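Q: What follows is a structure written as structure tokens; I'll ask about it next.
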Amino acid sequence: MMSDEIVLVKKRESVMKTQKGFTVLEVMLTVILISILAGIVIPRFAVSTKRAQVQACEMNRAIINKQVEAYYFVEATWPIDSMIDIKTNVNYFPDGIPTCPIDQTSYSLAPSPIHRVTTHREGDGTHVW
């Protein structure tokens, strides 16, 4: 009977040696490394997104200013500061005047004699990255 028990113990030992798997320590180290990488990447992604939105807002301002100049050269008058007259003319903004990608507000022109979009500048309140 003793020899049967010894044989069973040896079989269990050989089965345990051939089983594959990860130890708790290996799993914990993997989770810790993934957490560290996520802690580095996620904040950088958020900053990159904000920077892209601020740059898109700057580009929108430049496009609007160019179209306002084009309107002046063609129509021989500046558009109204709220840009209602240029919004309805599909020759200048066929898809409509863009809105700010940061806060979804509309752009408006500074009063005469400037006739430029002066709001939504980088560094103004929400436009900081």
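What follows is calculated from the coordinates using simple rules that are stated; it is not laboratory data. Worth saying up front: this structure is predicted, and the values here are computed from it rather than measured.
Q: Would you please give the residues with an amide H less than 5 Å from that of M83, counting only those at least 5 places away or on a separate chain, with H modeled from the backbone geometry?
A: Under 5 Å from the amide H of M83 lie the amide H atoms of L109, each far enough along the sequence or on another chain.
Q: Okay, moving on. How would you classify segment 26-124 from its alpha-carbon gyration tensor, with a ≥ b ≥ c the square roots of the eigenvalues: rounded for a/c under 1.5, else prolate if a/b is greater than b/c, otherwise oblate?
A: Because a/c hits 1.5 or more and a/b exceeds b/c, segment 26-124 counts as prolate.
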